[in-house]
1. Would you call T86 out of contact with any strand residue (DSSP E or B) (no Cβ under 6 Å at 6 or more places or on another chain), within 20 Å of S2 (Cβ to Cβ) and of a type in the set (V, I, T)?
2. Out of region 6-40, which residues are more than 20 Å from S53 (Cβ to Cβ), part of a loop (DSSP other than H, G, I, E, B) and of a type in the set (D, E, K, R)?
3. Please find, within region 60-89, the residue that is surrounded by the most Cβ atoms within 10 Å (Cβ to Cβ) out of those that are among the β-branched types (V, I, T) and touching a residue at least 24 places away in the same chain (Cβ under 8 Å).
4. From Y5, Y42, grab the single residue that is touching a residue at least 60 places away in the same chain (Cβ under 8 Å), surrounded by fewer than 13 Cβ atoms within 10 Å (Cβ to Cβ) and not hydrophobic (A, V, I, L, M, F, W, C).
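Rule-based calculations on the coordinates, nothing more; no lab input. No experiment lies behind these values; they were computed from the predicted model shown. Backbone-built Cβ (ideal geometry, glycine too); neighbour counts: all protein chains shown.
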Amino acid sequence: MSTIYNDIIHNKQRGQKLLAVLLDPDKILLEEIPNVIEKINYSMVTHIFVGGSDVEPDKTHQLVALVKSKTVLPLVLFPGDIAQLTNAADALL
């Protein structure tokens, strides 16, 4: 079983570059997500980070669930506080 961490380490050892994009739940509207994720899916992005400084309750979970339904890329939480944790993400930074 491969983990996101192991994949990152493996790529580093091989000299492969990775690219993550950060989505801030308070800076993006849920209605914009399908278009944004479509662009991400056709780019060189390898990981999606989700998090922000001051996020409304449940907004991170809603964003993560929607993003997960639109991509197969690993989704990593980059939370500003404990209220942004959700088990819908693939990993926690």
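1. no
2. The answer is R14, K17.
3. T60
4. Y5
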